[in-house]
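Visitor: Pasting in a structure now, in structure tokens, and then I'll have a few things to ask.
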Amino acid sequence: MARRDFLRRGALAMLGSAAGAWAQPAASATSASGSAQRVVVIGAGLAGLAAARSLRQLGWAVTVLEARERIGGRIWTSTQWADMPLDLGATWIHGVRGNPLTELADVAGASRRITRYDRVASYATEGHLLTDAESARLDGLRQQVFGALRRAQDADADRSVRQVVAPLLQAHPLGSEGRRFVEFVLSGDIEQEYGGSAARLSAHWFDSARALKGDDALFTEGFGVLTRHLASGLAIETGQVVRAVRWGGPQVRVFTDRSEFGADRVVVTVPLGVLQANAIDFAPALPAEKRAAIERLGMGVLNKCYLRFGRVFWPPEVDWMEHVSAQPGQWTEWVSLRRATGWPVLLGFNAAERGREIEAWSDRDIVASAMATLRTLFGNAVPEPVDYQITRWAADPFARGSYSFHALGSSPAMRDQLAAPLAGRVFFAGEATAKADFGTAHGAYLSGLRAAQAAHTTQGGHR
Ligand SMILES: Cc1cc2nc3c(=O)[nH]c(=O)nc-3n(C[C@H](O)[C@H](O)[C@H](O)COP(=O)(O)OP(=O)(O)OC[C@H]3O[C@@H](n4cnc5c(N)ncnc54)[C@H](O)[C@@H]3O)c2cc1C
């Protein structure tokens, strides 16, 4: 079930003991000579930092290799506006109850604010607030979309989300209000959340991640407060772009564009998109099941455009604004930071194919397009923004997208294939390996703890 739908209904979800998902040290990591065994962790995002910190606590000598000149990966708090730290990657702890990041945030002393999906203003294509009748029609169509998807999940053969919803789309002529409402649900409820286009998302598996209970919380200092906390005291080498991993011998050798590292174990946490681009050469080659998982899972896109204004001209008490745009997926979802932080800042999103497409546009064109939508909603007197910040996650060579999704032809078992260790020496973590929590920050974190535990307890050996 789509997370937002889930929250709207106030349903309950099960969370196993997430924070307890890793065990305590089985033994300290020392070699026969008594010196600490070495592990290299590739990537200093949440998964890599969680793995590195955990392994260091277990007695390993840990080196983290990070391609960028900064840590955090898809956790990236911009300090471009000194008075307003903005998250260009993840913003929220999704579902604060039972979420391991809540506990981590408490330990890090990170202050948070809650935003709520029910503090929303929804606007029709022409720019007026949806009338009661329009809202009722939209809700009815939303139920039809999710009803069709639920039925499709019981069918033997998988289809894409768009294929399943096609009869509903065809029942409404192009350009009609009904058609725009269905497209709005596909974009606002599904593509914005999962990052993949409805044409590629698997109807069977698109929503197979669990939804955690509780509100969504954002960090007043930015999400980077957590990655800074995890990184403290770790040996992290930034600017080390890993090109090759040689894992055939008794030691694993990791080659970067400027150095070479040897280790007893390696934990690979680079994003799925980086693996799909074959940016790291594994020798011996990766097993066929892992290659199939890499090829078939999808890497989605969610891009952000922050607009800073001199004054608040939108409803100050809402957290979300939605627009039933005439062009499917065009600036359908907005967040206002006014209530949570007091800042006169709006955040507009573009996801999936639309999110990919606008990466080729100039900043100026992106801002102009966003402003055209805001003027449709609030009139021509809307002032120009005083500044903006824009992301392009698909073009980022160290991300190649925002987060993974279940593409048609993939299955949850493939995430286990992606996570499977090689010869007890090479371990894999990262959000895409998190079967129950893919696409999320807590999934990345838990995957790092899982890989650390596996690296610590697994007997290494030759293939
Ligand atoms: C726009 C956006 C919004 C999001 N919103 C949310 C949200 O609100 N809540 C939520 O829970 N999740 C959200 N997510 C998802 C969340 O950010 C990710 O799931 C999580 O941060 C992934 O962590 P990771 O450690 O798996 O990967 P990453 O953070 O990507 O870490 C991988 C690291 O590997 C490094 N690397 C890549 N290639 C190489 C190489 N060749 N050599 C060395 N290092 C390399 C990268 O630079 C990176 O630092 C969002 C993501 C995006 C992009």
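Visitor: Which residue pairs have Cβ atoms closer than 8 Å, lie 6 or more positions apart in sequence or on different chains, and pair a first residue in the stretch 59-71 that is at pLDDT below 95 with a second residue that is within 8 Å of the ligand (Cβ to nearest atom) and in a strand (DSSP E or B)?
Guide: That search, which allows pairs on different chains as well, returns nothing.
Visitor: In the stretch 357-379, what residues are more than 18 Å from R311 (Cβ to Cβ) and small (G, A, S)?
Guide: A360, S362, A368, S369, A372
Visitor: Another question, if that's okay. If you take the residues of the stretch 424-445 that are farther than 19 Å from E289 by Cα and out of contact with any Phe, Trp or Tyr (no Cβ under 8 Å at 6 or more places or on another chain), which of them is nearest to the ligand (Cβ to nearest atom)?
Guide: Step by step, filter the stretch 424-445, then rank; the result is A444.
Visitor: Going through the stretch 51-69 one residue at a time, which ones are within 8 Å of the ligand (Cβ to nearest atom) and in a loop (DSSP other than H, G, I, E, B)? Give the steps one after another, and end with the answer.
Guide: Step one: filter the stretch 51-69 for residues within 8 Å of the ligand (Cβ to nearest atom), giving 65-68.
Of everything in the stretch 51-69, those that are within 8 Å of the ligand (Cβ to nearest atom) and in a loop (DSSP other than H, G, I, E, B) turn out to be E66, A67, R68.
Visitor: Give the residue that is surrounded by the most Cβ atoms within 10 Å (Cβ to Cβ), with candidates limited to residues of the stretch 299-345 that are more than 23 Å from E177 (Cβ to Cβ) and of a type in the set (F, W, Y).
Guide: The residue in question is Y306.
Visitor: Inspect the stretch 222-235 for any residue being part of a loop (DSSP other than H, G, I, E, B), touching a residue at least 12 places away in the same chain (Cβ under 8 Å) and surrounded by 24 or more Cβ atoms within 10 Å (Cβ to Cβ) and give the result as yes or no.
Guide: yes
Visitor: Now for a separate question. Quick check, is E134 within 16 Å of the ligand (Cβ to nearest atom), part of a helix (DSSP H, G or I) and acidic (D, E)?
Guide: no
Visitor: Turning to a different aspect of this structure: Every residue in the stretch 236-259 that is charged (D, E, K, R) and either in contact (Cβ under 8 Å) with a residue 60 or more places away in the chain or within 10 Å of the ligand (Cβ to nearest atom) (or both), please.
Guide: Answer for the stretch 236-259, where residues must be charged (D, E, K, R) and either in contact (Cβ under 8 Å) with a residue 60 or more places away in the chain or within 10 Å of the ligand (Cβ to nearest atom) (or both): E237, R243, D257.
Visitor: Related question: Kindly indicate which of D215, D207 is touching a residue at least 40 places away in the same chain (Cβ under 8 Å), within 19 Å of the chain's Cα centre (by Cα) and within 13 Å of the ligand (Cβ to nearest atom). Please lay out each step first, then the result.
Guide: Details: D207 fails: within 13 Å of the ligand (Cβ to nearest atom).
Within the list D215, D207, the selection yields D215.
Visitor: Identify all residues within the stretch 306-338 that are over 22 Å from R116 (Cβ atoms) and in contact with a Lys or Arg (Cβ under 9 Å, 6 or more places away or on another chain); write none if there are none.
Guide: If the condition is that a residue be over 22 Å from R116 (Cβ atoms) and in contact with a Lys or Arg (Cβ under 9 Å, 6 or more places away or on another chain), then S325, A326, Q327, P328, G329, Q330 are the ones that fit.
Visitor: Still on this model: Those residues that are of a type outside the set (V, I, T), exposed (fewer than 15 other Cβ atoms within 10 Å of the Cβ) and within 23 Å of T376 (Cβ to Cβ), I need them from the stretch 130-141; list them, please.
Guide: Going through the stretch 130-141, the residues of a type outside the set (V, I, T) turn out to be 130, 132-141.
From the residues that got through so far, the ones that are exposed (fewer than 15 other Cβ atoms within 10 Å of the Cβ) too are 132-133, 135-136, 139-140.
D132, A133, S135, A136, D139, listed by residue number.
Visitor: Which ones in the stretch 288-330 are within 26 Å of L129 (Cβ to Cβ) and either among the β-branched types (V, I, T) or within 15 Å of the ligand (Cβ to nearest atom) (or both)?
Guide: L302, K304, C305, Y306, V312, V318, D319, W320, V324 - these are the residues of the stretch 288-330 that are within 26 Å of L129 (Cβ to Cβ) and either among the β-branched types (V, I, T) or within 15 Å of the ligand (Cβ to nearest atom) (or both).
Conditions (1) touching a residue at least 24 places away in the same chain (Cβ under 8 Å); (2) part of a loop (DSSP other than H, G, I, E, B), marked per residue:
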residue: D106; (1), (2): no, no
residue: R113; (1), (2): yes, no
residue: A121; (1), (2): yes, no
residue: T125; (1), (2): yes, yes
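Visitor: While we're here: Listed residues A105, A148; which is more than 16 Å from the ligand (Cβ to nearest atom), at pLDDT 95 or above and aliphatic (A, V, I, L, M)?
Guide: A148
Visitor: State yes or no: is P421 more than 16 Å from the ligand (Cβ to nearest atom), without any contact (Cβ under 8 Å) to a residue 40 or more places away in the chain and surrounded by fewer than 22 Cβ atoms within 10 Å (Cβ to Cβ)?
Guide: Considered against the rule, which asks whether it is more than 16 Å from the ligand (Cβ to nearest atom), without any contact (Cβ under 8 Å) to a residue 40 or more places away in the chain and surrounded by fewer than 22 Cβ atoms within 10 Å (Cβ to Cβ), P421 comes out as yes.
Visitor: Suppose we keep only residues that are farther than 15 Å from R159 by Cβ and in a strand (DSSP E or B) within the stretch 393-409. Which one would you say is farthest from the ligand (Cβ to nearest atom)?
Guide: F405
Visitor: So if I check each of N278, N350, which one is within 15 Å of the ligand (Cβ to nearest atom), modelled with pLDDT of 95 or more and at positive phi?
Guide: Just a single option satisfies the conditions, and that option is N278.
Visitor: Give the number of residues within the stretch 78-110 that are polar (S, T, N, Q) and in contact with a helix residue (DSSP H, G or I) (Cβ under 8 Å, 6 or more places away or on another chain).
Guide: 1
Visitor: Can you work out which of the residues in the stretch 110-129 that are of a type in the set (G, A, S) and on the phi < 0 side of the Ramachandran plot is surrounded by the most Cβ atoms within 10 Å (Cβ to Cβ)? Step through it out loud before you land on a result.
Guide: First, the residues of the stretch 110-129 that are of a type in the set (G, A, S): 110-111, 121-122, 124, 127.
When the remaining residues are screened for being on the phi < 0 side of the Ramachandran plot, the result is 110-111, 121-122, 124.
Values: A110: 22, S111: 10, A121: 18, S122: 17, A124: 19.
Looking at the filtered set, the residue picked out is A110.
Visitor: If S232 meets every condition in (1) among the small types (G, A, S); (2) within 14 Å of the ligand (Cβ to nearest atom); (3) under 30 Å from G342 (Cβ atoms) apart from one, which number is that one?
Guide: (2)
Visitor: Right, something else. Does E359 meet the test of being of a type in the set (D, E), surrounded by fewer than 17 Cβ atoms within 10 Å (Cβ to Cβ) and not in a strand (DSSP E or B)?
Guide: no
Visitor: Working only within the stretch 410-445, note down all residues that are part of a helix (DSSP H, G or I), under 14 Å from the mean Cα position of the chain (by Cα) and more than 16 Å from L275 (Cβ to Cβ). Quick ask: steps written out before the conclusion?
Guide: Keep residues of the stretch 410-445 that are part of a helix (DSSP H, G or I), which gives 413-419, 431-433, 441-445.
Retained after the next criterion (residues that are under 14 Å from the mean Cα position of the chain (by Cα)): 431-433, 441-445.
Within the stretch 410-445, A441, H442, G443, Y445 meet the criteria.
The values are calculated or read from the model by the stated rules, or taken from the named source; none is laboratory data. Since we're looking at a predicted model, the values are computed, not measured. Every residue, glycine as well, gets a Cβ built from its backbone with ideal geometry; the counts of neighbours run over all protein chains shown.
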